[in-house]
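*Asks:* Have a look at the structure that comes next, please.
The values are calculated or read from the model by the stated rules, or taken from the named source; none is laboratory data. This is a predicted model, so every value here is computed, not measured. Glycine also receives a Cβ, built like all others from the backbone with ideal geometry; neighbour counts cover every protein chain displayed. The accessibility values were calculated without ligands, DNA or RNA, using every heavy atom of the protein model including side chains. Shrake-Rupley method; radii C 1.70, N 1.55, O 1.52, S 1.80 Å.
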Amino acid sequence: VVAATHLFLRERVALKFLRPELLAYPELVARFAFEARAAVKVKSEHVARVLDVGEVGGVPFMVLEHLEGKNLGSWVAQHGPLSLREAAEYLIQ
């Protein structure tokens, strides 16, 4: 996933690509498509909205809403593991 700017809309977005070397695995290509179809149905402030789906050069991609926030891995590296309660709260979100 990479941050980008939509050229026409001048809006920040996130681009998610399936890595080209994974195209050799039909089950992974199908899983990527399934993820896009499932994600578009999720309506939550905690989940990036899917704005578009397509492929370029045979490589599937999703255009997602760019969400501001903190990287959980970085936070845990700085502060240590989450408590069970904190982890549960994130999962519920």
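One line per residue, one yes/no per condition, for (1) within 11 Å of the chain's Cα centre (by Cα); (2) of a type in the set (Val, Ile, Thr); (3) surrounded by 13 or more Cβ atoms within 10 Å (Cβ to Cβ):
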{"residue": "8", "(1), (2), (3)": "no, no, no"}
{"residue": "13", "(1), (2), (3)": "yes, yes, yes"}
{"residue": "16", "(1), (2), (3)": "yes, no, yes"}
{"residue": "38", "(1), (2), (3)": "no, no, no"}
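*Asks:* Something else now. Under 6 Å between Cβ atoms, at least 6 apart or on separate chains: pull out the pairs that start in segment 41-53 with a residue that is closer than 14 Å to residue 91 by Cα and end on any residue that is part of a loop (DSSP other than H, G, I, E, B).
*Replies:* Listed pairs, sorted by first residue: 46/93.
*Asks:* Oh, and also: Just need a number here: residues in segment 36-50 that are part of a loop (DSSP other than H, G, I, E, B), of a type outside the set (Lys, Arg) and under 18 Å from residue 1 (Cβ atoms). Give the steps one after another, and end with the answer.
*Replies:* Filtering segment 36-50 for residues part of a loop (DSSP other than H, G, I, E, B) gives 40-49.
Then drop every residue that is not of a type outside the set (Lys, Arg), which leaves 40, 42, 44-48.
Narrowing the set further to residues that are under 18 Å from residue 1 (Cβ atoms) leaves 40, 42, 44, 46-48.
So the answer is 6.
*Asks:* What are the pairs with Cβ atoms under 9 angstrom where one residue, in segment 76-93, is touching a residue at least 40 places away in the same chain (Cβ under 8 Å) and the other, located anywhere, is open to solvent by 100 Å² or more (accessible area, probe 1.4 Å) and not in a helix (DSSP H, G or I)? Sequence gap at least six, or different chains.
*Replies:* 93/45
Conditions tested, residue by residue: (1) among the acidic types (Asp, Glu); (2) surrounded by 10 or more Cβ atoms within 10 Å (Cβ to Cβ); (3) part of a strand (DSSP E or B).
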position: 21; (1), (2), (3): yes, no, no
position: 34; (1), (2), (3): no, yes, no
position: 52; (1), (2), (3): yes, yes, yes
position: 63; (1), (2), (3): no, yes, yes
position: 67; (1), (2), (3): no, yes, no
position: 74; (1), (2), (3): no, no, no
position: 85; (1), (2), (3): no, no, no
